[in-house]
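The values are calculated or read from the model by the stated rules, or taken from the named source; none is laboratory data. As the structure is a prediction and not an experimental result, all values here were calculated from the model. In this analysis, Cβ positions are derived from the backbone assuming ideal geometry, glycine residues included, and neighbour counts consider all displayed protein chains.
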Amino acid sequence: MKKKYIIPLFIILFLADCSSQTVDDSAKGNSSGKKAATILKKPAEFQPDQPKKITFSNNDLKVTIYSKGFAQGDAIYTEIEKQENGFIPESLSFLYKESKVPVTKTPWGFKSLWCIHPDQKPGKISVSINYKKDGKNITLSSNILIKKGGFLVSKTKLDLGNFSNKSYTGDSKFKETIAECTELRKKAFGAVSENKIQNTISHPRDMHKITSEFWKKRVYLTYQTKGKKKVTGSRSSIHRGLDLKGDVGAPVYAMIDGEVVLAHSMFYEGNMVVIDHGNQIFSYYQHLDSISVKTGDIVKAGDTIGGVGATGMVTGPHLHVAFVIQGVHIDPLSVLSLPISK
């Protein structure tokens, strides 16, 4: 497994309160119980949005919620810390719209990575922290205002070559392969494990050029070839990841620490890598020319996991990167704005 970054990438450290961008020794660990600074690896031309934050508290706890913009499709990061003279429970529950969100206990409190569904209706939503103190149930709650995601709609009809051809994709010789790939995906995304996310986040490429945005509505041509090529119509689809430009063989990096749960050649996705980050959080990388890892490998943010390619259902070489939090696809770039602590 390769573990190197090429020269155009450099490291920026964000202190946990987002007030500084200087190198700090706290990033080396947190044995003292203090939060370790976030390490962001990125191409020089990419500047992440500074996160917005919401804070609410009681006499025991302070809750800080960070997001790129609190918009549809954004990742959300929460830190729950003890007040100066407060009380930190051994366990607590965190609810978003009455649904439980996984939390991870840390030396300094609790943290959680969750998200806003791209189809979530804009407006106020509720969040609450529930815990016990002296045998009593305590609830600490607030509201978050969700904004529109501003997702794009493409009017260009894309020709995917063989993958637009129903005569090709419907060929019985591919039936077994497609079924096998479906099972591989199901097993990979069915992994259940504890949090593996530390305080390092990485852009997945050594350059930043978007060729197709997250949650963009796209239209694909469909046709059949029985003698002559005949266009039969079109179909629309939501782009659940982000396409980034790259020459064939250009490096692809793991976005966050985790375990590889899939490294395989797939029918539609081409060469694909799926990384489990714990708490049902996954990132995946498609259309790779080559794969540098294998199932079971433990990777760190910024490790090389493969090279950009044009395998599977594509119109040309690029990286399709996607991020899934508890079954919901979110904008991968929104993760890069978060001050995730260790």
Worksheet item: Does D331 fit the bill of being crowded, with 22+ Cβ neighbours inside 10 Å and over 30 Å from G170 (Cβ atoms)?
Response: yes
Worksheet item: Taking the stated definitions as given, is I76 surrounded by 15 or more Cβ atoms within 10 Å (Cβ to Cβ), in a strand (DSSP E or B) and not acidic (D, E)?
Response: yes
Worksheet item: Being part of a loop (DSSP other than H, G, I, E, B), within 27 Å of P118 (Cβ to Cβ), modelled with pLDDT of 95 or more and acidic (D, E), is that true of even one residue in segment 313-336?
Response: yes
Item to complete: Give segment 41-62 a look and list any residue that's over 18 Å from the mean Cα position of the chain (by Cα) and not in a strand (DSSP E or B), or say none.
Response: A44, E45, N58, N59, D60
Item to complete: Give me a count of the residues in segment 106-120 that are within 21 Å of the chain's Cα centre (by Cα) and either of a type in the set (D, E, K, R) or not in a strand (DSSP E or B) (or both).
Response: 6
Discussion item. If I go through segment 288-309 residue by residue, how many of them are without any contact (Cβ under 8 Å) to a residue 40 or more places away in the chain and part of a loop (DSSP other than H, G, I, E, B)?
Written reply: 3
Worksheet item: Does segment 254-265 contain at least one residue that is polar (S, T, N, Q) and in a loop (DSSP other than H, G, I, E, B)?
Response: no
Worksheet item: Condition test on Y268, is it among the aromatic types (F, W, Y), assigned to a loop (DSSP other than H, G, I, E, B) and outside the structural domain of Q72 (by TED's automatic domain parsing)?
Response: yes
Discussion item. Looking at segment 148-181 only, could you name the residues that are free of Cβ contacts under 8 Å to residues at least 60 places away in the same chain and touching a helix residue (DSSP H, G or I) at 6+ places or on another chain (Cβ under 7 Å)?
Written reply: N162, Y168, T169
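Conditions tested, residue by residue: (1) closer than 22 Å to Q72 by Cα; (2) in the same structural domain as L40 (by TED's automatic domain parsing); (3) in contact with a helix residue (DSSP H, G or I) (Cβ under 8 Å, 6 or more places away or on another chain); (4) buried (at least 17 other Cβ atoms within 10 Å of the Cβ).
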{"residue": "T200", "(1), (2), (3), (4)": "no, no, no, yes"}
{"residue": "T211", "(1), (2), (3), (4)": "yes, no, no, no"}
{"residue": "W215", "(1), (2), (3), (4)": "yes, no, no, yes"}
{"residue": "T225", "(1), (2), (3), (4)": "no, no, yes, no"}
{"residue": "S234", "(1), (2), (3), (4)": "no, no, no, no"}
{"residue": "G258", "(1), (2), (3), (4)": "no, no, no, yes"}
{"residue": "N279", "(1), (2), (3), (4)": "yes, no, no, yes"}
{"residue": "F282", "(1), (2), (3), (4)": "yes, no, yes, yes"}
Discussion item. Against the condition under 16 Å from I330 (Cβ atoms) and assigned to a loop (DSSP other than H, G, I, E, B), how does G86 come out, does it pass?
Written reply: no
